[in-house]
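Notes follow once the structure below has been shown.
The values are calculated or read from the model by the stated rules, or taken from the named source; none is laboratory data. Quick caveat, the model's predicted, so the values are computed rather than measured. Positions of Cβ are backbone-derived with ideal geometry, glycine not excepted, and every protein chain shown enters the neighbour counts. Surface accessibility is based on the protein's heavy atoms, side chains included, excluding ligands, DNA and RNA. Shrake-Rupley method; radii C 1.70, N 1.55, O 1.52, S 1.80 Å.
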Amino acid sequence: MSDTTGDATRNTADNKKYSMDINIEAQKNILGLQLHTDPRWVDIAGLSLEEILTDHAYCEQKAATTCISLIQKYAEKDKLVNELAPIVTEEWGHFRLVLQELRKRGLQLGKQRRDEYVNKLLEFQQKGGNAEGRFLDQMLTMALIEARSCERFKRLSEGLNDAYMRNFYRRFMESEAGHYALFIDLAETYIDKEKVRKRWAEWLAYEKDVMTHLELRSDRIH
């Protein structure tokens, strides 16, 4: 093996290790969510897999279209465009995976539901003020949705009776952890880190209140 080939192999291995380290750290940080999902949710969700898969499919679809909208809105931010472009493909691939799972089970996609959780988060976004503040809230909204999704997928990957579905949701959990970290990183790329951390703490406190008052439903990912 030439030195060049050896260096390339080592770089690839180093990059994979770095990505794994980032992913593990992201999953640890998600434990910063101030209210964990009620364990009963997994039990009732397991009895309504068609409903959960339908809601999950639309969550992935909305994630893809939201990333497209962010790219269009912030086309001048090169890092954001470059980082979110592959996320669009990944999220749409996730939609197709969930749709495939529904079809395999002879289930229907069903109608899109009103996402009360996301709508509550949108209410907390800065509407006026400066462009920086509005951009920050958009990044943190996405980070929080991905973090909560990851936490829910973790619950499903550990608590469902079906071993196949536990593994199915573990793959999604790992992906969402990386997405959560990406949106935090994008916020800190364009805005002072102290501002990001201060606002993130406010978002976490608000999300805890939202989760406290949301009805525990078997047909929703959030």
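Points to keep in mind about this one:
- Of all residues in the stretch 186-214, those that are among the charged types (D, E, K, R) and in contact (Cβ under 8 Å) with a residue 40 or more places away in the chain total 4.
- Qualifying residue in the stretch 57-64 (condition: of a type outside the set (Asp, Glu), open to solvent by 50 Å² or more (accessible area, probe 1.4 Å), over 22 Å from Arg199 (Cα atoms) and under 14 Å from the mean Cα position of the chain (by Cα)): yes
- Residue that is more than 22 Å from Met211 (Cα to Cα) and either in contact with a Leu (Cβ under 8 Å, 6 or more places away or on another chain) or of a type in the set (A, V, I, L, M, F, W, C) (or both), where the choices are Ile44, Ile52, Ile71: Ile71
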